[in-house]
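Structure first, commentary second.
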Amino acid sequence: MMSNLFSIFDPSINQFNLSLNWLSTLLGFLFIPYSFWLLPNRYMCLWNQILIKLHNEFKTLLKNNYFKGSTLIFTSMFYFIMFNNFLGLFPYIFTSTSHLTLSLSISLPLWLSFMIYGWINNYNYMFIHMIPQGTPMILMPFMVLIETISNIIRPSTLSIRLTANMIAGHLLLTLLSSTSSNMNYYLISLMILFQILLLILESAVAIIQSYVIAILSTLYSSEVN
């Protein structure tokens, strides 16, 4: 029995006393299709279709802020997070997205770049955005305070949302597997069925969370102009 349930998310390993688990984030490059095929395969066609769908959706969300290549950063972030979420579902592969170290490193610089760009280039709009249209005069100071706080906590909410969802699913899988040692064959078979269903749910969560973070980042970027 584990002394600490959260030890499964420990990034340290005993191999040569080095923390090499973070190298699992580079395994996503293995899923990138080869671009030198004479005839594109089905995997390449599926990859291109997803890219086109994401590009069109991000282009619609950006509205007037769209320029050529502006959706590349959001599609790249979507694929990077999705690959690391999926890799964490495989045995003996470190789940890097379950740590705030990685998720906050993605959301915080992105949010800072949006804020710096907005306050330098369009500070009038940034001030106006703090007070919704039709707000009574007496409520304006409170609305400015609320909007400021909600804007400041955006990178933390993005990172905590991703980390909490990844940790919750993995902990549930660990708890179910740790209780199967004292079960009979019938209950173990039922437990395996539940584990498979939960793994399917975790696969859907891996896609949904990467999509949510990419969409929210796109919406945040569209608000600075």
Highest-first arrangement of 123-135, 163-175, where packing means the average Cβ count within 10 Å: 163-175, 123-135
Please arrange His99, His55 by counting, for each residue, the other beta carbons lying within 10 Å of its beta carbon, fewest first. His55, His99
Over the range 5-222, calculate the relative contact order: mean separation of alpha carbon pairs under 8 Å at least 6 apart, over the residue count, as a percent. 28 percent
In cubic angstrom per residue, the convex hull of the range 85-225 built on its Cα atoms measures 138 Å³
List Glu223, Glu202, Glu57 from most exposed to least, where exposure is judged by having the fewest other Cβ atoms within 10 Å. Glu223, Glu57, Glu202
Output the peptides 136-146, 41-51 sorted from most to least packed, where packing is the average of other Cβ atoms within 10 Å over each peptide's residues. 41-51, 136-146
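Read-outs throughout are calculated quantities, based only on the coordinates presented, and are distinct from any laboratory measurement. These numbers were taken from a predicted model, which means no experiment stands behind them. Methodologically, a virtual Cβ is constructed for each residue, glycine included, from the backbone with ideal geometry; neighbour enumeration extends over all protein chains shown.
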